[in-house]
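Take a look at the structure set out below.
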Amino acid sequence: MSALPPDAPRLRAILRHLEEQIADNETLGIYLHLQRDAVRAALARAERKTAHRSQRPSRPRRPAPPPADAPDRGELRATGYVIEPKRHPKHPKPALIHLADCTAPQRDTMPVARDQARLGLVKDAEHIAACEVCAPGTSLGIED
Ligand SMILES: [Zn+2]
């Protein structure tokens, strides 16, 4: 970036633009984290399945424990939260957290762990909201 304009109106416009970019990138960061965690969980499942198939143990073995930071398959199913992403990162409507069995989502949803759903709602209330139909905030212990 070279010289900035000297006048306040243009500087304010630039500042506003940058702040919007920062907000968008923070939101995107949360999505990417959620998505990464979902992929990690799927990968852990896939690897457990592969290991099970290729090793064919002669005696019963306990399955390997899941990685500490990956949501367990059972946990995902038990907590049952999904995120319905924004139409696109700049869309004014927030992404929505739903209960997994909610019928309101209009777009593809991704499963999220309970902690992640709560974190998204608490940390970025402007860009991630609770569905008004299934009200997942209630079971997440968030009520404002
Ligand atoms: Zn819902």
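Looking at the stretch 13-42, I want the residues that are in a helix (DSSP H, G or I) and have a partner that is among the polar types (S, T, N, Q) with Cβ atoms under 7 Å, at least 6 apart or on another chain. Which pairs are those?
Filtered contacts from the stretch 13-42: LEU34/GLN116; ASP37/GLN116.
Which residues, taken from the stretch 87-107, are at pLDDT below 85 and either closer than 20 Å to LEU119 by Cβ or crowded, with 17+ Cβ neighbours inside 10 Å (or both)?
Scanning the stretch 87-107 gives a single hit, PRO89.
So, in the stretch 112-134, of the ones that are buried (at least 19 other Cβ atoms within 10 Å of the Cβ) and among the aliphatic types (A, V, I, L, M), which residue ends up nearest to the ligand (Cβ to nearest atom)?
Result: ALA130.
Inside the stretch 9-55, can you point out the residues that are surrounded by 12 or more Cβ atoms within 10 Å (Cβ to Cβ), closer than 18 Å to HIS91 by Cβ and among the hydrophobic types (A, V, I, L, M, F, W, C)?
If the condition is that a residue be surrounded by 12 or more Cβ atoms within 10 Å (Cβ to Cβ), closer than 18 Å to HIS91 by Cβ and among the hydrophobic types (A, V, I, L, M, F, W, C), then ALA23, LEU28, ILE30, LEU34 are the ones that fit.
The values are calculated or read from the model by the stated rules, or taken from the named source; none is laboratory data. Everything numeric in this text was worked out from a predicted model, so none of it was measured. FYI the Cβ positions are ideal-geometry reconstructions off the backbone, even for glycines, and counts take in every protein chain you see.
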